[in-house]
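Each remark here refers to the structure printed beneath this line.
FYI, it's all coordinate maths here, none of it is from the lab. This is a predicted model, so every value here is computed, not measured. Neighbour counts run over all protein chains shown; Cβ positions are idealised from the backbone, glycine included.
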Amino acid sequence: MTGIETAGAIASIVTAGATSVTLAVLIWYTIETHKLRREAQRQNESALLPIVVIEEPPQDNPDAFIIRNIGKGPAFQVFPSTTTAFEKHPKENLGNGFVVSLQMAPVLAVDESASIRPLVSLENDPFSTLLAGVGKLAELVVTEKITETFTIEIYYESQSRTAYLTRFTATYVGNERQFALFYESTTGTPRRKELAES
């Protein structure tokens, strides 16, 4: 081998080594950049996180619960729902349980609230609205047609379309139209099918 061939072989080896090192640094840089991007997105989501809660009926509208966005960003596709069957024990004249539904609020801005009246219908006939309002719901508890405690879940989306679920327990406390609401949890959740299709 001549000196020129040896120098060419050494240059090829050095070039291959430098290329390998450059590729390794590029892969490391890409991974670190991806981590930084994910952290920035997480911080942005936290900075604009909506938190939707349900409140007891106000004095001026005792037949409606209030849902309020107490978070730092708007809440979209706000969809409150309840546990499905409420019947405490079988009733011969009805033959099925009750369903309590709450209407959807399309958007809640920061510190905005909306009134939601519970609608009570038969479990096998969702279009048979029997009663409306918190007072009527309390009447069903007093007459032992529904349980005293049930769960209210509020599904909603953040500005980045991340879905959340806030869960409350509602318990009848014995006074007319009085339900105590207890916060349970707020979690990220898969998008509801109804919301994904809208």
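Computed quantities for the displayed model
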| read-out | value |
| --- | --- |
| With 10 Å bins from 0: P(r) over the stretch 1-52, alpha-carbon pairs, percent | 21, 22, 17, 15, 11, 8, 4, 1 |
| Estimated FRET transfer efficiency (residue 103, residue 149; beta-carbon r; R0 35 Å; 0.05) | 0.95 |
| Per-bin percent of Cα-Cα distances, the stretch 33-80 [10 Å] | 24, 33, 25, 12, 6, 1 |
| Contour minus Cα-Cα distance for residue 4 and residue 22 (0.36 nm per residue) | 3.8 nm |
| Estimated inter-spin distance, residue 162 and residue 66, nm [label 7 Å along Cα→Cβ] | 2.8 nm |
| Sequence ranges 58-67, 4-13, 100-109, ranked by mean other-Cβ count within 10 angstrom, highest first | 100-109, 58-67, 4-13 |
